[in-house]
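The values are calculated or read from the model by the stated rules, or taken from the named source; none is laboratory data. Note that this is a predicted model, so its numbers are computed, not measured. Here the Cβ positions follow ideal geometry from the backbone for every residue, glycine too, while neighbour counts run over all protein chains shown.
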Amino acid sequence: MIAELGHYALILAFGIALFQAVVPMVGASRGWPAWMESARPAAMAQFGLLGISFAALTVAFITSDFSVALVYENSHSAKPMLYKVTGVWGNHEGSMLMWVLILALFGAAAASFGEHLPPGLRARVLAVQGAIGVAFLAFIIFTSNPFTRMSPPAFDGRDLNPLLQDPGLAFHPPFLYLGYVGLSMSFSFAVAALIEGRVDAAWARWVRPWTLAAWMFLTIGIALGSWWAYYELGWGGFWFWDPVENASFMPWLIAAALLHSAIVVEKRETLKSWTILLAILAFGFSLVGTFIVRSGVITSVHSFASDPARGIFILGITAFFIGGALTLYAARAGAMTSRAVFSPVSREGALLLNNLLLAVAGFVVFIGTIWPLVAELLWDRRLSVGTPFFEKAFTPFMIVLAIALPIGSILPWKRGNLGRAAKTLVPAVILTVAVAALVYAVSTGRSGLAVVGAALGAWLIAGSAVDIWQRAAGQFGRLSRLPRADWGRVVAHAGLGVTFVGISLLMAWSVEDIRVAREGETFEVAGYRITLQDVAEVQGPNYVSTTAAMRVERNGREVAVLHPEKRVYPVQAMPTTEAAIRTSFWGDIYLVIGDPQQGGGWAVRSYIKPFAFWIWMGCGLMALGGVISLTDRRWRVAATARKAAPRAVAAE
């Protein structure tokens, strides 16, 4: 009965979403308060029903109810409880249910916290959210029902993909979906503004927190996925330009551009049309990512489904919402003109440059991802667009962006002076040159990537420090009184700099050693002495592991004893590699045990990964910057003031 309850709740949620999509929109167009107000309880009810549905599916996984086909396909009675729970979203149907649950969560949040929004705008925003919910709930109910029963029930399940049975990937999808789906709020605000024909500073102030929250969650989700790939796949890499990785990276880039563009609309009421377009494209790329993962057009360890019919359904949803929004945009773009004038050398000009670089970088990734599919469809040619293309085509935009960010942050609005800005940034320039010289001295004879990347990272970090110091007028006492949004911005920019340093130094200075080693044998890698002490077979809860004990020494002292594994999951007969990593602030020691060799010994891969920790530390700082900015009370105070102001005028 639990599964049937979840199914019924899903169907009721579809009916509520249909009501939410139609009635408030009609009410807003006719000016009927009761109809507009109905959007709020509808959004809350939809979220409650989807919560019941998701809880029912979770119960089915926890109790190993193998009469439910989805549980049979993606679980096993011997699986640890953590992975029974995460198995709920470790598949196509369950992940789509989480998708619409998060969509409803954002709608309910807008209904709860949007009391200061104008009633017409709020009704239209929630109606657009409801329409998106209608489309995806129809997709689930008619093509991807997670509650389908089996008759007779199976005795046990087929287990979850072993690659997904990992703590890092357990939490990666929820954060990624919070980012993907969170951008639907920016889209809904954009469509609602197009319908009303009005985009102003108040609109930008309302849309920024939603965009910032989505960008923050997307940052965490991408970082978790990168971290998982680094230690779980055993390749020692953190980013492979996989199509599904790119599918999450594209909306992240566009959302970052949208955040900066909304600042210009809020402060100067210009770039309105461009900001609306970015809001549409950010969610559009999220839908493209959903299509790539679930259509079967690509093969990836990240993909969920390979059913072309489902892909066509999602493609139709994407075409309807993005095509419809762009058509509405084309019809209303002329009404969003601005009379504000600014010099190219100004805060507005710098933010516009930032926008262009991020947007073009996003489209470069899109072209590289989609081009093999286009070539096969149109010319029946199988092409591969790999890492060399992305690195050569994408990196220049990021270099220019890194150079421009600190300069743009200290330029004044409307009109600035590059000479004055250059004088302000002299300390940052000195630190950047010093770091570049140090890295060059250490890496003489190696790739210049280390010098360039470290210099850019130092420039971003130092520029952020100069920025916050300037805003405090050079007084320590004023630092604590600065708005949290200022602190959030500089922390996020500094985090980007830390990530630049980590990526460049890891790629330039990484050392790899592949060999056959026998038990008791010692070998050297980049100044470390590594001894393969023994290899033993260990029985896990639902796998059998070949586990090595490897002692690592440096300068005659023991650094660590690491235990890399090679696991085999009997139910799926699938092996996985579990790297053993000794992480420190300055770098990682990364060991992998392979297969036994015919002549004796074991295949062993050893990596020394300098500054690897800095990559994810930088991502954490960027997300932290988002959290700090979201706690800035100015958004809440300003929203209340905007609602109270008309009442005060009317009273006079």
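If I filter segment 209-219 for residues that are at pLDDT 90 or above, of a type in the set (Val, Ile, Thr) and assigned to a helix (DSSP H, G or I), do I get at least one hit?
The answer is yes, given that some residue of segment 209-219 is at pLDDT 90 or above, of a type in the set (Val, Ile, Thr) and assigned to a helix (DSSP H, G or I).
Take Arg208 and decide whether it is touching a helix residue (DSSP H, G or I) at 6+ places or on another chain (Cβ under 9 Å), basic (Lys, Arg) and surrounded by fewer than 22 Cβ atoms within 10 Å (Cβ to Cβ).
Answer is no for this residue.
Would segment 447-461 turn up any residue that is more than 23 Å from Phe613 (Cα to Cα) and either out of contact with any Leu (no Cβ under 9 Å at 6 or more places or on another chain) or part of a helix (DSSP H, G or I) (or both)?
Within segment 447-461, not a single residue is more than 23 Å from Phe613 (Cα to Cα) and either out of contact with any Leu (no Cβ under 9 Å at 6 or more places or on another chain) or part of a helix (DSSP H, G or I) (or both).
How many residues are at pLDDT 90 or above, touching a strand residue (DSSP E or B) at 6+ places or on another chain (Cβ under 8 Å) and β-branched (Val, Ile, Thr) if we restrict to segment 569-624?
Matching residues across segment 569-624 total 6.
Can you tell me how many residues in segment 357-408 are free of Cβ contacts under 8 Å to residues at least 12 places away in the same chain, more than 17 Å from Asn246 (Cα to Cα) and either touching a Lys or Arg at 6+ places or on another chain (Cβ under 6 Å) or not in a loop (DSSP other than H, G, I, E, B) (or both)?
Matching residues across segment 357-408 total 6.
Would segment 358-375 turn up any residue that is under 22 Å from Gly284 (Cβ atoms), buried (at least 18 other Cβ atoms within 10 Å of the Cβ) and in contact with a His (Cβ under 9 Å, 6 or more places away or on another chain)?
Yes, that holds for at least one residue.
List pairs: first residue in segment 231-246 and modelled with pLDDT under 80, second residue part of a loop (DSSP other than H, G, I, E, B) anywhere in the structure, Cβ distance under 7 angstrom, at least six positions apart or on different chains.
Hits for this filter: Gly234/Ala579.
Quickly run through segment 10-41 and pick out the residues that are touching a Gly at 6+ places or on another chain (Cβ under 9 Å), of a type outside the set (Val, Ile, Thr) and buried (at least 24 other Cβ atoms within 10 Å of the Cβ).
Hits for segment 10-41 are Ala13, Ala17, Gln20, Pro24, Ala28, Met36, Ala39.
Any residue at all in segment 508-525 that is out of contact with any strand residue (DSSP E or B) (no Cβ under 7 Å at 6 or more places or on another chain) and buried (at least 19 other Cβ atoms within 10 Å of the Cβ)?
Taking every residue of segment 508-525 in turn, at least one turns out to be out of contact with any strand residue (DSSP E or B) (no Cβ under 7 Å at 6 or more places or on another chain) and buried (at least 19 other Cβ atoms within 10 Å of the Cβ).
Checking the condition surrounded by fewer than 18 Cβ atoms within 10 Å (Cβ to Cβ) and modelled with pLDDT of 85 or more, which residue from Pro173, Pro153, Pro167 passes?
When all the criteria are applied, what remains is Pro153.
Among (1) surrounded by 14 or more Cβ atoms within 10 Å (Cβ to Cβ); (2) at pLDDT below 90; (3) in a helix (DSSP H, G or I), there is one condition Arg420 misses while meeting the rest; what is its number?
Every listed condition holds for Arg420 apart from (1).
Output the residues belonging to segment 43-55 that are of a type in the set (Gly, Ala, Ser) and crowded, with 24+ Cβ neighbours inside 10 Å.
Selection gives Ala43, Ser53.
Which one of these is touching a residue at least 60 places away in the same chain (Cβ under 8 Å), over 18 Å from Gly6 (Cα atoms) and buried (at least 21 other Cβ atoms within 10 Å of the Cβ): Phe136, Phe106?
Phe106
Please find, among Ala255, Ala223, the residue that is buried (at least 24 other Cβ atoms within 10 Å of the Cβ), in a helix (DSSP H, G or I), of a type in the set (A, V, I, L, M) and at negative phi.
Ala255
So that you can scan it fast, the table gives a plain yes or no per residue for (1) modelled with pLDDT of 95 or more; (2) not in a helix (DSSP H, G or I); (3) not hydroxyl-bearing (Ser, Thr, Tyr):
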{"position": "Glu4", "(1), (2), (3)": "no, no, yes"}
{"position": "Tyr8", "(1), (2), (3)": "yes, no, no"}
{"position": "Leu12", "(1), (2), (3)": "yes, no, yes"}
{"position": "Gly15", "(1), (2), (3)": "yes, no, yes"}
{"position": "Gln20", "(1), (2), (3)": "yes, no, yes"}
{"position": "Pro24", "(1), (2), (3)": "yes, no, yes"}
{"position": "Ala43", "(1), (2), (3)": "yes, no, yes"}
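I need the full set of residues from segment 139-169 which are under 26 Å from Phe291 (Cα atoms), touching a Phe, Trp or Tyr at 6+ places or on another chain (Cβ under 7 Å) and among the hydrophobic types (A, V, I, L, M, F, W, C), in order please.
Once the filter is applied, which keeps residues that are under 26 Å from Phe291 (Cα atoms), touching a Phe, Trp or Tyr at 6+ places or on another chain (Cβ under 7 Å) and among the hydrophobic types (A, V, I, L, M, F, W, C), segment 139-169 yields Phe139, Ile141, Leu160, Leu169.
Please count how many residues of segment 230-252 are part of a helix (DSSP H, G or I) and under 29 Å from Ile589 (Cα atoms).
Going through segment 230-252 one residue at a time, the tally reaches 9.
Would you mind finding the one in Gly457, Gly495 that is touching a residue at least 40 places away in the same chain (Cβ under 8 Å), closer than 30 Å to Gly527 by Cα and within 23 Å of the chain's Cα centre (by Cα)?
The match here is Gly457.
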